[in-house]
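Remarks on the structure that follows.
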Amino acid sequence: MIDPALIPLIQRLDRDPEDDDALDAIREALLHQGDVSTFARLAEKVAARRSDPKRAADAISRAGDAWAYGARDDRAVPLWRQALEVDPQHVGANLGLAGAMRRAGQFEQAEAAYVRLLEVVRGEARRVPILDDLARLRAERGDLDGEIEAVREVVALHGAGAAATESRRTLARLLVQRSRARARDEGEGETFDDDTREAARTLAAIAREGATGRAMDFAQAALALWPGEERAFQMLVASTLKHADSVTMRIRFLAANPESEIAARVRGELADAYVAMGRVDDAVTVLAAFAADDAESARQLTRIYERTGRHADLARLLASLPAPEDRRERLLLHRRRAAVARTLGDRAGALQSLGRVLDDAPADPEALHEVERDLRVRGALEALRDRLRAAARDDSAPASSRVRWWREVAQLSERRFDAPDEALDAWRAMLGVAEEPDDLRDAGEGVERALERLERWTELADARTASPAPRRERPPAAPRGCAGSRSPRRG
């Protein structure tokens with residue numbers, strides 16, 4: 001006897017067999033009452049009245065679903081097969097048939113049916129139920145790898161929310177299960193293999209979403225699996241109040257994930273924590289192994305050595321560092337090397353580092369002053385001329401300094417090295433930067449002397465014509481025989 005409350009819905013279907021809402025409402029009510037056969041017969045009648053074959057196949061598949069709900073696969077399977085003859089890609093009929101095969105122990109045929117279905121079905125809403133069934137089937141078969149593969153795709157399809165959280169928890173559990181089984185088979189202890197790391201990342205994703213209100217619990221579970229999980233680590237270390245706990249977490253993180261993108265920052269934080277605790281040697285140990293390749297570790301270790309007065313260690317550290325590509329960083333490194341060498345009384349080392357400064361900044365005032373003084377004391381005039389020439393060519397230096405440097409380069413070339421051609425270049429360069437009349441006159445006369453030495457008479461004439469400043473007056477030659485004359489003494 002049909003419930004009188006369903007009569008209006010049945011009348012709606014009589015008027016419009018395409019009314020899926022009415023059919024669904026009747027199905028829910030009848031299956032709730034356990035009246036499977038009544039709904040199945042009604043669905044078959046509706047199918048017979050539908051004009052679209054695929055719509056008819058859908059109604060037939062629903063009739064099969066009803067029989068399966070009543071544990072009558074013998075009645076359900078023929079209906080699903082009938083629906084698939086009309087619409088081979090019908091999801092409900094394929095799922096029903098695969099489920100019946102699974103319940104009958106026909107696992108291989110059932111899995112093949114699920115896989116074929118996944119090849120044609122698109123969209124999260126349609127694929128997730130298929131993958132869920134496939135995962136259950138593979139679990140029943142003891143196919144852990146296949147189960148993980150199916151659940152992993154479910155996780156990829158889900159967004160945020162409770163369903164996604166449950167899928168991720170399942171995936172993490174399965175990954176840990178496989179990892180432990182592998183370790184047990186291979187006779188190993190606790191390992192951080194790919195499965196363990198993926199399980200930790202999966203739990204950390206749940207923690208970051210916070211959908212369950214237990215974010216910290218999931219973050220702790222992630223780090224328990226793999227202490228190197230970045231997102232869980234950052235969540236927990238930020239909320240840890242005990243200094244010792246944060247130190248331990250950082251130590252375990254670096255041991256588990258030394259190549260992490262945040263490893264350098266974590267090392268720095270750990271070193272700072274050690275310094276705050278008075279454990280300077282431990283801070284040095286943390287940073288020293290990475291100082292050569294990690295600029296931040298090197299800078300931090302440098303600061304620690306400077307604050308603690310460990311100048312010899314600082315000198316060795318600075319000497320081991322490669323020269324940076326950036327010019328400013330390179331100059332800073334060389335200046336620091338020079339300063340530390342001075343502190344240690346290593347004058348030769350300081351001068352060597354200052355020479356490196358001048359290689360990059362030839363007119364650096366402090367470095368040039370020190371190096372120039374040393375070269376003068378040692379009488380290394382050729383090296384002095386080269387340093388002064390390089391400094392004079394630096395357009396960033398003050399004009400007055402460049403004039404002085406060009407003058408000395410020219411004079412050394414004339415008087416000490418008998419190199420009039422180099423002297424000529426220096427006097428001409430001085431002409432280009434000089435502004436004071438005396439400097440212009442000296443440079444002009446220097447050009448003339450050099451041209452005269454080189455016997456370049458045409459250029460000499462041109463230079464005298466274009467002289468930028470008045471020439472110095474030379475005293476007139478005294479008449480022969482007058483007082484003050486330098487006539488040769490007669491015997």
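Cβ-Cβ contacts under 9 Å between residues 6 or more apart (or on different chains), taken from a first residue in the stretch 286-306 that is farther than 21 Å from E325 by Cα to a second residue that is surrounded by fewer than 17 Cβ atoms within 10 Å (Cβ to Cβ) and among the basic types (K, R), are listed as I304/R310.
If you go through the stretch 206-229 and keep only what is at pLDDT below 90 and either polar (S, T, N, Q) or within 14 Å of L171 (Cα to Cα) (or both), you end up with I206, T212.
Every condition in (1) aliphatic (A, V, I, L, M); (2) out of contact with any Lys or Arg (no Cβ under 6 Å at 6 or more places or on another chain); (3) surrounded by 16 or more Cβ atoms within 10 Å (Cβ to Cβ); (4) closer than 28 Å to R310 by Cα is met by A350 except one, and the failing one is (2).
Answer yes if at least one residue in the stretch 76-87 is basic (K, R) and farther than 23 Å from R136 by Cβ, and no otherwise. The answer is no; no qualifying residue exists.
For the stretch 94-106, how many residues meet the condition of being closer than 19 Å to G146 by Cα and crowded, with 16+ Cβ neighbours inside 10 Å?
We begin by selecting, within the stretch 94-106, every residue closer than 19 Å to G146 by Cα; these are 95, 98-99, 101-103, 105-106.
Right, trim to crowded, with 16+ Cβ neighbours inside 10 Å and you get 95, 98-99, 101-102.
The total comes to 5.
Determine whether the stretch 296-318 contains at least one residue that is touching an Asp or Glu at 6+ places or on another chain (Cβ under 9 Å) and in a loop (DSSP other than H, G, I, E, B). No, every residue in the stretch 296-318 fails to be touching an Asp or Glu at 6+ places or on another chain (Cβ under 9 Å) and in a loop (DSSP other than H, G, I, E, B).
Looking at R116, is it of a type in the set (D, E, K, R), at pLDDT below 85, part of a loop (DSSP other than H, G, I, E, B) and out of contact with any helix residue (DSSP H, G or I) (no Cβ under 6 Å at 6 or more places or on another chain)? No.
Looking across the stretch 1-18 at every residue that is modelled with pLDDT under 80 and not hydrophobic (A, V, I, L, M, F, W, C), the one that is nearest to the chain's Cα centre (by Cα) is identified as D3. In this structure, is A298 among the aliphatic types (A, V, I, L, M), over 23 Å from E366 (Cα atoms) and either modelled with pLDDT under 90 or under 24 Å from the mean Cα position of the chain (by Cα) (or both)? Considered against the rule, which asks whether it is among the aliphatic types (A, V, I, L, M), over 23 Å from E366 (Cα atoms) and either modelled with pLDDT under 90 or under 24 Å from the mean Cα position of the chain (by Cα) (or both), A298 comes out as yes. Pairs, please: C-beta under 6 Å, at least 6 apart or cross-chain, first residue in a helix (DSSP H, G or I) and modelled with pLDDT of 85 or more and in the stretch 172-194, second small (G, A, S) and surrounded by 15 or more Cβ atoms within 10 Å (Cβ to Cβ)? Hits for this filter: A172/A199; L175/A199; V176/A199.
The values are calculated or read from the model by the stated rules, or taken from the named source; none is laboratory data. For clarity, every value in this text was computed on a predicted model and none was experimentally measured. Because the Cβ atoms are built from the backbone with ideal geometry, glycine has one as well, and the counts that use them run over all protein chains shown.
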